[in-house]
Structure formats: C-alpha cells, structure tokens
Amino acid sequence: MHTSLFGLVARFIRQKWRNYASSALMLAGVAALTVWIPRHVGAVVDALASHRLTHAALGIALAELVAAGFAIYFLRVGWRQRLYGAAYQLGMDLRTRLYLRLTLQGPTFYLGQSSGDLMALATNDIDAVEMAAGEAVLAGFDGILTLLMVLAMMTLGVDWRLTLCALLPFPLMALAFNRISRQVFRTSHRALNCFGALNAQVQESLTGIRTLRALGQCERAATTFAALAEDAADASFKAQRWEAAYEPVVGVALTSAAVLALGAGSWLVWHGYISIGQLTSFSMYLGQLIWPMFAAGWVLTLFERGRAAWSRLEPVLSAPDGVDDSGLETPLPLDGDIRVDGLGFRYPGAAQATLSEIGFTLAAGRTLGVVGATGSGKSTLLRLLLRHYHPDAGHACWGMHPIQAYPLSELRAAIAWVPQESFLFSASIAENIALARRGARRDEIEQAARLAAVHQDIERFPQGYATPVGERGVTLSGGQRQRIALARALLADSALLMLDDALSAVDTETEASILAHLREARRGRRAIIVSHRLSAVADADWILVLKDGRIAAQGSHDDLLLADGWYARQWRYQQLEASLDAN
Amino acid sequence: MQTDTRSALRLLGHAAAPERRGLIASLAWLILAALLEVVGPVLSKRYIDSYLLPRHSDFAAMALLLGVALCSGYAASGLRYLQLVRLAAIAMRSVRRLREQVYRHVLGLPLAYFDRAITGQLISRVTNDTEAAKTLYVQVLFVLLDSSIVLTGALGAMAWLDWSLMLIVLPLFPAVLAIVYGYQRLSAPAVSRTRELRSDINARMAESIAGMSVLQASNAETRFAEQFAATNRDHYRSRRVELAANAWLLRPALDLLNVLLLAGVLYRFGLRHLSGLEIGVLYAFVSYIARVVEPLIQITMQFGQLQQAIIASARLNTLLQEPSAPAPSAAATIGAGRISLSGLGFAYHAGPAVLNGIDLEIPAGGFVGIVGHTGSGKSTLLSLLLRFYSPQSGHIEFDGVDINAIAETAFRRDVGLVAQEPFLLSASVLENIDMGRGLARETIERAARAAGLDEVVAALPEGYATELGADGARLSGGQRQLLAFARALAGEPRILLLDEATSHIDTETEQKVQLALAALHGKVTLVAIAHRLATIRSADTIIVLKRGRIVERGTHEQLLALEGGVYQRLYQLQQLEEPLASR
C-alpha cells in the first residue's frame, strides 16, 4: 500500500501521460529551436562579413529567425500550461483526498495529531509534492535535453576542440551549484524555524495581551521579540548570502569560458578551422549552458523536499479508517431498548479507567439524567454510545444487537448529540441549524430555534437567520451558541437526544422553559441529559450519579434527595445559588 | 492602489532610512561593477576588429586584451557578490526595524482593539506581512537596483559603440511596459483571488478538523467534503488563470522580444553593407542584447511578488495608523493612591450596559472588597481601573487626576495586579518575581516573605534559582497565586488590585494572604474582587455588585446584618460549599 514519492509521481505521469508527453514534445521543440538560433545568427554574420548576402536573402533569413522566435513563444506557453496545469491538478487531488481521509477518522486519530501539523500537510507539504511533480520533472527533462543539444551543436556545428577547451569551467560550476543549493536549503530551513519561533512569540504575547499590559511587561515582550527578530534576520541573511553566491559562480565561470573561447577560437579562426560567425554562435551557446548546470542541483533539492513532504503526507493518506464501519444490521430498531451492561473504558495511555461497570436500560420514551463531579466520566459515557471510542469491557446494545452491528451512518442518524463545547461553522445561522438535515424548510428551522428558545435572539440580528457566524461572523454569547447547537440537534429529530451539559451557559429560567419545550415536543422519544445543574435532570425518569467512573448512586430525583448524599447536598447548594440569581 | 503603493513605499523607505550611507556606497560599487561588466564585449570587439580579422599578429597585445577581459569579468562578479550581500544585510536590518516598530505598535494598541481584531490576522500582520515586506526590500534592492544599473551600462556601451544601432533597442522599453501592464491587468485579480481561496481552504480545513466530531455526528462530513472539493477546484481554476497570464506575458514573451531585437540588429547591419572591420561591433551587440533583455526579464519577473509585498505593506501602514493608547502626551504620576469613581458606566461595543452609575471613593491606603455573582460586572470594573478600556460615562481619578492623563510607565509601576490565572514565565522563581524590572535581591525576598511565598521557595530544590518549567508547571494553583502576589508586591505599588486572587488557595495559605493584606492595609490602596468572602472580611468597605450596579455597601458585619441581602446569602452559600468541596 505504501508508495514512494517516485512511485506517486510515476503513477501520476502515467495517468496524465497526454499532458506530460505533449509537454515533452514541446520542450524538445523549444530546445531544438533555441540551439538553432545561434547557428542561424552565426551563418548570417558570416554571410554579412563576406558580403555574400543579398537584401532578399537577408530578409528571408531574418523572417526565419522571427518565425523561430514566435514558434518558441507558442511552444513555451503551451508546455507551461500543460505541465504546470497537470501538477496543480495533482495538488488539488491530494488535498481533496486528504480531506476525505480526515472525515473518516475518529477522535483517537485526532488525539495523536496537532491540528497545526495537519494544516501544514494540506498546504506546505502538498505544495512540495506538487513542485516535485511539476518543476522537478521539468528541470530534470529540460536540463538534460538542453545540455545534450547544446553540446551537440557545439561539437558538431562548431568545433570539438573549442568545446572541450571552453567547457573546462562548467563542471566546476555544476559542483559549486550543487554545494550552494544544499547550503541554501539548509540555511533557509533554519530561517523558517526562526520565523516559526518569532510567530510563536507573537501568538503567545498577543493572546496574553491583557496580562502583559497589566504587569507592564510590554517592554520585556518587545525585548524578547527584538532578540527573536534579530535571529530571524540573521538566519534570513545567511540564506540570502548563499543564494547570492550563485551570481559570482555564474559570472566567473562564464567569463572564463568566454575568454577561453575567444582565445582558443581565435587560433582556430586564424588557421581557418572555423569562421568568425561560428565563433559568434559559439559564444551564444555558452550562455545556454547555465540552465542545465543549475537544473541538476535544483532537481535534487526539489525531489528531496518533495520526499520529506511525502513521508509526512503518506501515512495520513494511507491511515486506516479510524472507526470500524463494517456493521451490516439494518435498519436500526428505533424503538428498541438501549441496554448498557458492565461498560468500562480507559483512555489510551491513562493510568486509571475513566468508566467501569456502568449499566442501565433506557426504554423508548424515557429520559436518563447523568450527574457527577467534573471528571467523573459523564461525557465519556456519551462518547462511547457515539462510538468515538471502543469500550474495553461490557457492551452497549440497541434493540437486539450491539451498536457496532449497525452501519455508522444509521447510528449517527439515530442520535442527536449536543457536545459540551458548542461548535458553530462559518456559515449562516440557518445553515448551522440545518447541519444534520440538509434541505430543511425554513419553518422547520424556525420551529427548532423556538424550541431551543433562541428564535427571538436570532430575529434580533439585522440579517436574522442569514447572519453569518464563526471566525468571520458575528460574535455570539456562549448561551446563544449553546442554544443554536441545541436547535441543530432538535431539527435532526433523532430517536435519541444526548445533551452533554449543553445548557451550562443558559440562565436557569431559560433552561426551565427549554426543558419544558423538550418534554412537550419529544414526547415518546428518548433523551440522555448530562448536566452539572441538577435542575436539568430533576424531571428525568432515572438519574445516575457518577463518581470516579462508577455509579455511586441512582434513582429518581426524590429517591436521591431522600438518600441525602452528594446529590442532596449539591441540590441544596444550587437552590440557594439560584435564589441569588433571581429577583 | 496608487495611494496604497505610495504609502507602502514611504513606510519601507522610512524603515531603511538609517542605511542611507550603506545604500549609496553599494550603489557606487554596483555602478563600477556594471562598468567592468560592459567593458568585456568592448574588449572583445577590439580584439576581433583590430587583431583577429585583420590578422594583425601582436600576441602580447592580444593576450593583454584577453587578460584584461578576464580580470574585469572576475572583478565585476566579485563586486556584485559583495554588494548583493551588503544589500541583503541592509534589507534584513530594515525588516527587523519594521517588525519591531509594528510589534511595539500592536502592543500599545488599546485593548478594545483586541476585542474586535481576530488574533490570527493580527499575528499575520506582524509576521507574514513583514515577511512579504522583506521580499519587497530584497527584490527592490537586489533586482531592481542591480538590473537597472546593468541595463543602463549596456545601453551606454551600445551607444558608445554605435548609437544609431542602439536606437533599435529603444522600442524594447515601451514593449516591455505594455507587456507588464497587460500582465498586471490579467494577473492581479487572479493572484488576489487565489490568495483568498487559499486562506479559505486553510480556514475550512482548520474548522473541519476542530469540529470533526460534530460533523460526523450530524452525518454531514460527506457534504462538507464536497464543499471543500468545490473550493479546492475554484482555487485550481484561479491558479490556472494566473498560470496563463504568466505563460503568455512573462518569460516566453520577453524571450520573444530578445529574438525580435536580434533580428532588428542584424537587419540594420545588413542594410549598411558593413566593412569587415565592423564585425566586432556586431559580436559585441549580440553579447549586449542578452545583457539588456535579461535585466528587464529579471525586473518584470518580480512584479507578482512586488504586488503582494505592496498590498502587505499597505496593510501594515493601516495598522500603524491605528491610534495607540494612551495618548503619549500623558505625563502625570500617581500620588498617595486615592481612587474616586463617579457615575461610571460601561458597555462592550454597543452591547448592554455592563456597569451603570458606579460611585465610589477609596481613600489612599483604603481597602475595598468587591463581591458579586458571575456577570455582575466585577471583572469589568477592574479592567477599567487597569485602564484597559475607557468608560462611556463618568470618570476614574487617581489622586484627583484623570487616569488617562497618567503616563504609561508610571501607571504600570504604581498599579499592581494579582490576576486570577497568573501568567508565569518558564524561568526561575527569581526571574518570575522580578519580571525584567531589575529589582534588588533584597526587595524580591522581602516581597516573597510578605506574600507568604518564602516557605514555598525554601522547599524548592534550588530556592529562588529553581526553574519553574513551562507555564510554571512545578507550582500548584495556590502557589502560583502566591507568586503572582509576591510579584505585584515587589513592585511596591501604591494601588494593588486583586482579581479573585485566593480562589485556588487552601485555607492555610489563605490565612497567609489575609495576614499580608492586613500588613498592607493603610499603606497601599487595596481593591480586591473576592470569591472567598473571608479574604475581604477586614475590608473598610465591601460593595456588592449586581447587574452592573452597586446594590449593597458596608462593612462585613453591616452587610451580614441585612436580612435577605445578597451578601448574606452569598455567605450562607459558602458555608454550604465547604463540605461539598471537602467531600
């Protein structure tokens, strides 16, 4: 399954062989015409020098030259579009593939990845692979082609002795290019790292600007920044200095070659081996040899970068699906009991189990409340039902079969989940509510928003339901976000509603009215309500009190009050607290 | 666009101003290098016309000519390299200055600006946009300067050899201008669209990664993948447009001009029925044409980056125009530390009022406790006292001076803050207390003792020199707050603000803080927001905030006696809390 960068590029070339083959032909045409021009100019010069050229012949010769110029122009435009166009397409395909891959991964995968790294894969690394498929292939092919053609024209068209003599500096130039390009790569890598450090410092200080300001630490931050900016400038300078080194290498090599050519050439002209026109074209060829010398190092660098990028990209692209979706039982019996038995789970790498020995049955039409201190495992329980993780012990069944036996999409359609952190996407409010039900009618969306007690808030925005939210949209209060997320879940109209402390930022009064709406609208369907605020679960048919991942107590609200344990104490506390918020 | 360009260039010119001497020296050396470079073909012409073609065998003179050509070529290359390195250094220093200026400016912006700004964009201003400005320097200094000097030199040499022939080269300039204009028209919209789509791709990627579990739970991941693919395709199309503009109008078009120019020169020669002596002029002209076209190509190749750099610099300019807070003219100082608030009212960005009609007098050395439920406006009041925001109505005066008239350094020196979530450096205890203020060891230890931190320090392996690790990982929540307390005390402030400074502290440490506060009482003006009412028990006055207004005020005993009052109920609540916390 694992492919190398070379394999990937080769496969892509086979797939896009028309683009690559036509580009190669066009490049060959460009190369042939490019070496023909100096030869042609040399012939014209000779004819001019010997006064053999008629006005008409000169006209024809120059027309040929101009025609060749135009031909080169069109061929160059052509190969660029074909070759780079194909490479861009590879980049596009890889990016879409990466995204699709990511949609099939579960939370376990995301725990092991930083989102910054994943983002870098989608941009910088795919760019590097794209460069390897476009720029590097071009440089490799065109560099070799130009080298061979120019050498052929020099030896066959002018003189092999002159060629040998004038080419003396070129191998040295190639060696120097190779060394420089490696140094450029190394130093620009360091420059990038310094830039990254600078970025991190700016991020840290601007995020914590309030603290900095209060402590009068801005001066200190500016000093730190200055030091980092100096490092970055220094690293950039070193990279820049190596890049500038190309200049003298070309200059020295070309000057040497030109003087050698003129010195040795004049001996040949003197003795009549070559003409002055041939010497002119020879000196034009020298300039054309710079590119192949450069291309050699360039190809290596691009391939190295591409390979490094691909080695990061490939594991993600070929990672297996994060959640096993091989269940074939269908349809999921929406009215069947949900039975959880002996459920236990430990997060990978955690010392202690987050959940153990959890059991309950939730029949259709019933509501289960789950309460407990922070870290008691409430959210994890919901996540196991959503199949974000696989339990280590016990099982959860819906109807006759364990939940893994059903296709993932059916299970997800049967559950509407409102997580603790309400997540809104950069889209309109209406689109955010209709996330789980594409093409929901406007009145359905509004109805869901009314149930979640957020309709009036939305109407108050100038653009109403069309108001954009997210990074570039309006700023919503925590309570508004939660209620929109709730409306989203209500619109999904699933058999099981799971609220994970989903009303924590909503005031008690609104919470009470939302819960009343829910009881009304979801009569006959199931809900699991996780909450810190006990008033949210007081009406539930059954309440689990979790402590350190185990069920510490269970029963109805009245049972638990009578037992006078954690639940009863917490209840009294919250009642008093609520009295402070009221009046 | 015009004014953008001008202001961007002015900004960059300003940052490079201290380098004027170096720039002029570089310019002079580059001109010399260009002269040395254009001398080469003139020497070749002399060599061909005076010795080679007339078969005038003066070998010493010929060798001398070749030797001079070689040396002048080498010298030109060497000089160019040295100047490019010098210019790179100038560019890096200028960017560093620009960066520091922008960063300092951002640090000094009013906090209200940060509420509106997207931090990511602001970070990008400081780092990416200055990086783009760097490109501008490097390109402007390197390429434009160097290329235009070589261009001028080559034109001069051509004119000197044969000025009527040189005239053929002149139409090149309007032609290049036309091409560049066309390129700008075609490519600029595509370039900015590609950039937009690219950041769109990034945003979608980041958002989807962050909200993947919600997407999956809503069965919406396939739909989002389709949307992502659509954006990706748009990005590809936009890049193809860019590619087409590049292909039709940049390198291939300029190479075409090169050939046309060659044909023009040859044609003029053909018309003249030249004598054999002039063949050398032709040889030199052929060499020069490459030297005219290449710099022009180099210059035009930079336009794309130039455009981006100018846009980035214009954005920087806009940012630098943002007025900073406070007015730099503020020069007053803080006296004994008397605080008076009158009719204070505040709302965040046209939102509902957070504070309303707050009147409060605190004598120098007084101690005021602020109590209230979440959202009552406590933290906002503290933010106003810290001068993070300006009140919409009413005044804050320290010792009868409006706080906006107090100089920033004096303000931060004399107003101390103990924040709820202390910000710790990954450095030693000593450095964390000192915070770059250069305090005497004696002062630091006295502050640590006063804050009750000395016992904590004594228990650390290396005492004050102990490294605390990233974000003070070695310390517990309570110890971190003690350290923040010591840090504030070390500055010997006149006014000390405490923001829930005892929320994470155990009862024993809490008593230390209370003792410390009692010791400060009368010497330093204290304003404390307290979650634990015990912290402010000994305050001269306690105010109770509710929905932005003062609803109760008095001493601890007076407020406790208010039957059914908010303070009384808060007190009862805390009595209940103790057993819950120690569960």
For this session: Scan region B:456-477 and give yes if some residue there is closer than 30 Å to B:Ala336 by Cβ, at pLDDT below 90, under 37 Å from the mean Cα position of the chain (by Cα) and open to solvent by less than 10 Å² (accessible area, probe 1.4 Å), otherwise no.
Result: no
Exercise. Got at least one residue in region A:223-230 being in contact with a Cys (Cβ under 9 Å, 6 or more places away or on another chain), of a type in the set (A, V, I, L, M) and either under 18 Å from B:Ala325 (Cβ atoms) or not in a helix (DSSP H, G or I) (or both)?
Worked result: no
Exercise. Could you say which residue among B:Leu43, B:Leu52, B:Leu30, B:Leu11 is under 20 Å from B:Ile310 (Cβ atoms), in contact with a helix residue (DSSP H, G or I) (Cβ under 6 Å, 6 or more places away or on another chain) and not small (Gly, Ala, Ser)?
Worked result: B:Leu11
Problem set entry | Count of residues meeting criterion [more than 7 Å from chain A (Cβ to nearest Cβ) and closer than 28 Å to B:Pro171 by Cβ] in region B:212-245 | 1
Exercise. So B:Ser208 clears everything in (1) at pLDDT 85 or above; (2) surrounded by fewer than 19 Cβ atoms within 10 Å (Cβ to Cβ); (3) polar (S, T, N, Q) except one condition, right? Which one?
Worked result: (2)
For this session: For region A:104-120, enumerate the residues that are open to solvent by 10 Å² or more (accessible area, probe 1.4 Å) and either closer than 20 Å to B:Ala217 by Cβ or among the hydrophobic types (A, V, I, L, M, F, W, C) (or both).
Result: A:Leu104, A:Pro107, A:Thr108, A:Phe109, A:Tyr110, A:Leu111, A:Gln113, A:Ser115, A:Met119, A:Ala120
Problem set entry | Residue within region A:456-466 that is in contact with a Leu (Cβ under 8 Å, 6 or more places away or on another chain) and assigned by TED's automatic domain parsing to the domain that holds A:Ile433 present | no
Exercise. Just one of the numbered conditions (1) free of Cβ contacts under 8 Å to residues at least 60 places away in the same chain; (2) in contact with a Pro (Cβ under 9 Å, 6 or more places away or on another chain); (3) within 21 Å of B:Leu177 (Cα to Cα) is not true of B:Tyr288; which one?
Worked result: (1)
For this session: Taking A:Phe185 as meeting all but one of (1) modelled with pLDDT of 85 or more; (2) outside the structural domain of A:Ala120 (by TED's automatic domain parsing); (3) surrounded by fewer than 19 Cβ atoms within 10 Å (Cβ to Cβ), write down the number of the exception.
Result: (1)
Exercise. Does B:Leu282 satisfy the condition of being assigned to a helix (DSSP H, G or I), in contact with a helix residue (DSSP H, G or I) (Cβ under 7 Å, 6 or more places away or on another chain), in contact (Cβ under 8 Å) with a residue 12 or more places away in the chain and open to solvent by 10 Å² or more (accessible area, probe 1.4 Å)?
Worked result: no
Problem set entry | Hits in region A:53-73 (condition: within 15 Å of B:Asp255 (Cα to Cα) and either of a type in the set (Val, Ile, Thr) or at the interface with chain B (Cβ under 8 Å from one of its Cβ atoms) (or both)) | A:Leu65, A:Val66, A:Ala68, A:Gly69, A:Phe70, A:Ile72, A:Tyr73
Exercise. Name the residues in region A:254-276 that are open to solvent by 10 Å² or more (accessible area, probe 1.4 Å), among the small types (Gly, Ala, Ser) and part of a helix (DSSP H, G or I), would you?
Worked result: A:Ser256, A:Ala258, A:Gly263, A:Ala264
For this session: Report whether or not A:Ser428 is within 14 Å of another protein chain (Cβ to nearest Cβ) and modelled with pLDDT of 90 or more.
Result: yes
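Rundown of residues vs (1) part of a helix (DSSP H, G or I); (2) under 30 Å from A:Ala257 (Cα atoms); (3) among the hydroxyl-bearing types (Ser, Thr, Tyr); (4) touching a Gly at 6+ places or on another chain (Cβ under 6 Å), yes/no style:
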| residue | (1), (2), (3), (4) |
| --- | --- |
| A:Met173 | yes, yes, no, no |
| A:Arg179 | yes, yes, no, no |
| A:Ser188 | yes, no, yes, no |
| A:Cys194 | yes, no, no, no |
| A:Gln201 | yes, no, no, no |
Problem set entry | Residues (more than 32 Å from the chain's Cα centre (by Cα), under 14 Å from B:Leu424 (Cα atoms) and open to solvent by 40 Å² or more (accessible area, probe 1.4 Å)) located in region A:199-223 | A:Arg220
For this session: Restricting attention to region A:79-108, report how many residues are under 23 Å from A:Leu27 (Cα atoms) and either outside any helix (DSSP H, G or I) or in contact (Cβ under 8 Å) with a residue 12 or more places away in the chain (or both).
Result: 11
For this session: Within region B:254-269, track down each residue that is open to solvent by less than 10 Å² (accessible area, probe 1.4 Å) and more than 7 Å from chain A (Cβ to nearest Cβ).
Result: B:Leu254, B:Val265
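Residue by residue, here is whether (1) of a type outside the set (S, T, N, Q); (2) within 30 Å of B:Pro54 (Cα to Cα) holds:
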{"position": "A:Thr3", "(1), (2)": "no, no"}
{"position": "A:Met26", "(1), (2)": "yes, no"}
{"position": "A:Ala57", "(1), (2)": "yes, yes"}
{"position": "A:Ala87", "(1), (2)": "yes, no"}
Problem set entry | Unmet criterion (only one of (1) more than 14 Å from every other protein chain (Cβ to nearest Cβ); (2) of a type outside the set (Ser, Thr, Tyr); (3) under 30 Å from A:Ile433 (Cβ atoms); (4) open to solvent by 10 Å² or more (accessible area, probe 1.4 Å)) for A:Glu410 | (1)
Seminar exercise, completed: In region B:75-109, anything more than 7 Å from every other protein chain (Cβ to nearest Cβ), more than 22 Å from B:Leu11 (Cβ to Cβ), open to solvent by less than 50 Å² (accessible area, probe 1.4 Å) and not small (Gly, Ala, Ser) is listed as B:Leu79, B:Gln83
Exercise. Could you say whether any residue in region A:39-59 is touching a residue at least 12 places away in the same chain (Cβ under 8 Å) and outside any helix (DSSP H, G or I)?
Worked result: no
Exercise. Going by the conditions given, is A:Ser50 under 24 Å from B:Ala220 (Cα atoms), at the interface with chain B (Cβ under 10 Å from one of its Cβ atoms), open to solvent by 40 Å² or more (accessible area, probe 1.4 Å) and polar (S, T, N, Q)?
Worked result: no
For this session: Check whether at least one residue in region B:41-51 is outside any helix (DSSP H, G or I) and more than 10 Å from chain A (Cβ to nearest Cβ), and report yes or no.
Result: no
For this session: Provide a single number: the residues in region A:542-583 that are farther than 23 Å from A:Gly344 by Cβ, out of contact with any Asp or Glu (no Cβ under 8 Å at 6 or more places or on another chain) and assigned to a helix (DSSP H, G or I).
Result: 19
For this session: Would you point out the residue of region B:387-423, among those that are within 11 Å of another protein chain (Cβ to nearest Cβ), among the aliphatic types (A, V, I, L, M) and open to solvent by 10 Å² or more (accessible area, probe 1.4 Å), that is nearest to B:Ala336 (Cα to Cα)?
Result: B:Leu417
Exercise. Quick one: which of A:Ile529, A:Ile514 is surrounded by 18 or more Cβ atoms within 10 Å (Cβ to Cβ), among the β-branched types (Val, Ile, Thr) and in contact with a strand residue (DSSP E or B) (Cβ under 7 Å, 6 or more places away or on another chain)?
Worked result: A:Ile529
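The values are calculated or read from the model by the stated rules, or taken from the named source; none is laboratory data. Here the structure is a predicted model, which is why all the values come from computation and not from measurement. Glycine also receives a Cβ, built like all others from the backbone with ideal geometry; neighbour counts cover every protein chain displayed. To get the accessible areas, we keep the full protein, side chains included, count just its heavy atoms, and leave off ligands, DNA and RNA. Shrake-Rupley method; radii C 1.70, N 1.55, O 1.52, S 1.80 Å.
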